[in-house]
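The values are calculated or read from the model by the stated rules, or taken from the named source; none is laboratory data. Quantities reported herein were computed from a predicted structural model and do not represent experimental measurements. Heads up, the Cβs are rebuilt from the backbone with ideal geometry, glycines too, and the neighbour counts pull from every protein chain shown. Accessible surface areas use protein heavy atoms only, side chains included; no ligands, DNA or RNA. Shrake-Rupley method; radii C 1.70, N 1.55, O 1.52, S 1.80 Å.
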Amino acid sequence: MATAPRTEAEVREFEREFVDEVWNGANYGFIEETHDEEYVGHWFDTAGGDVDRAGLEAFVREAHAGFSDFEMTVEFEVVEDDVGVTGFTVSGTHDGEYAGIPATGAFGTSPGIMAHRFEDGKVVEAWAVWDALGQLQQLGVLPKSFTLASFLETGANLAKRDVLKLAKGE
């Protein structure tokens with residue numbers, strides 16, 4: 001593990017600035033300023049793969065397009081060595097397309113956690129998880145009572161509406 005070039009206080013400050021500037025302020029240039037050219041994000045691509053800085057920006061832009069009143073609130077921060085971890089809650093009204101899902105008009109909240117690892121003063125790697133199931137239930141895309149039958153019925157209905165792209169062996 002590389003020696004952290006930032007102090008614990010600087011990492012904490014970055015975590016709050018990242019939320020304020022990028023997630024709440026739509027300052028996408030902050031990503032390029034603070035993330036290394038070789039940055040790898042392990043959560044941002046809705047297709048499931050790792051992404052680079054451009055992929056991170058695309059994910060944030062997609063969230064902003066899908067939720068015009070998007071807001072991320074910091075719940076807690078933990079810093080150890082060269083890693084900063086932030087617990088958060090996001091909220092917003094689904095009034096635009098998001099992840100291929102047409103606007104539902106529903107308001108929702110979702111808790112999550114993100115972590116950033118630093119080298120030479122820049123973010124080189126990040127991870128995050130959030131309650132995507134709960135988010136989809138709040139938006140009315142998935143039933144609140146989750147059973148195998150309701151899951152299969154929902155998947156079939158979404159596929160019929162061409163919201164859910166089923167793999168065709170390609």
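Can you sort 122, 144 by solvent-accessible area, 1.4 Å probe, largest first?
I get 144, 122, largest accessible area first.
Which log10 I(q)/I(0) values, to two decimals, does the stretch 108-160 give at q = 0.21, 0.24, 0.29 Å⁻¹ under the Debye formula with one point per Cα?
Computed log10 I(q)/I(0) values: -0.78, -0.89, -1.06.
Output wanted: per-residue J couplings in Hz (rounded whole) for the stretch 71-83, from phi through Karplus 6.51 cos²θ - 1.76 cosθ + 1.60, θ = phi - 60°, x for Gly and Pro.
9, 10, 10, 6, 9, 6, 9, 9, 10, 9, 6, 9, 10
What value does the chain have for Rg/Rh, both radii from Cα atoms and Rh as Kirkwood defines it? Spell out each step's value before the answer.
Numbers: Rg = 17.3 Å, Rh = 17.2 Å.
Rg/Rh: 1.01.
Under a 5 Å amide H to amide H cut-off, with H placed in plane at 1.01 Å, what residues pair with residue 97 once short-range neighbours are removed?
103
How large is Rg over Rh for the stretch 80-122, taking Rg from the Cα atoms and Rh as the Kirkwood inverse mean of 1/r across Cα pairs? Present the calculation step by step, with values, prior to reporting the outcome.
Numbers: Rg = 15.5 Å, Rh = 12.8 Å.
Rg divided by Rh gives 1.21.
Using a 7 Å offset from the Cα along the Cα-to-Cβ direction at both residue 95 and residue 81, what is the distance between the two label points in nm, to one decimal?
Here the answer is 4.5 nm between the modelled labels.
Counting only the heavy atoms of the protein chains, how much of residue 42 is accessible to a 1.4 Å probe, in Å² to the nearest 10?
The accessible area of residue 42 comes to roughly 60 Å².
Out of all Cα-Cα pairs in the stretch 48-116, roughly what percent, to the nearest whole number, are more than 20 Å apart? Display every interim value, and only then the final one.
Details: 927 of 2346 pairs.
The proportion of pairs with Cα distances above 20 Å equals 40 percent.
Between residue 38 and residue 68, what is 0.36 nm times their sequence separation minus the Cα-Cα distance? Round to one decimal in nm. Numbers along the way, then the final one.
Working: separation 30, 0.36 × 30 = 10.80 nm, distance 3.02 nm.
Taking residue 38 through residue 68 to full extension adds about 7.8 nm, to one decimal.
Helix-derived [θ] at 222 nm for the chain: sum -39500 (n - 2.57) over DSSP H runs of at least 4, divide by residue count, nearest 500?
Values: 5 runs with 51 residues, N = 170.
Theoretical 222 nm ellipticity from helices: -9000 deg cm²/dmol.
Per residue, how much accessible surface does the chain expose to a 1.4 Å probe? Answer in Å², no decimals.
Per-residue accessible area for the chain comes out at 54 Å².
Starting from the stretch 72-151, pick out the chymotrypsin sites (Phe, Trp or Tyr not before Pro) whose DSSP state is loop and whose Cβ has at most 14 other Cβ atoms within 10 Å.
146
Could you pull the accessible area for residue 101 with a 1.4 Å probe, rounded to 10 Å²?
Spelled out: residue 101, probe radius 1.4 Å, area about 20 Å².
Roughly what % of DSSP beta bridges within the stretch 4-133 run antiparallel, to the nearest 5? Kindly include the intermediate steps, with their values, before the conclusion.
Details: 30 of 33 bridges.
Once the DSSP bridges in the stretch 4-133 are tallied, antiparallel ones form about 90 percent.
May I ask you to derive the relative contact order of the chain, considering only C-alpha pairs under 8 Å and at least 6 residues apart, and to give it as an integer percent?
Working: 300 pairs, mean separation 33.6, N = 170.
Relative CO of the chain lands at 20 percent.
Ordered by residue, what ³J(HN,Hα) values in Hz, to whole numbers, does the stretch 61-67 give under the Karplus form 6.51 cos²θ - 1.76 cosθ + 1.60, where θ = phi - 60° and Gly and Pro are x?
4, 5, 4, 5, 5, x, 9
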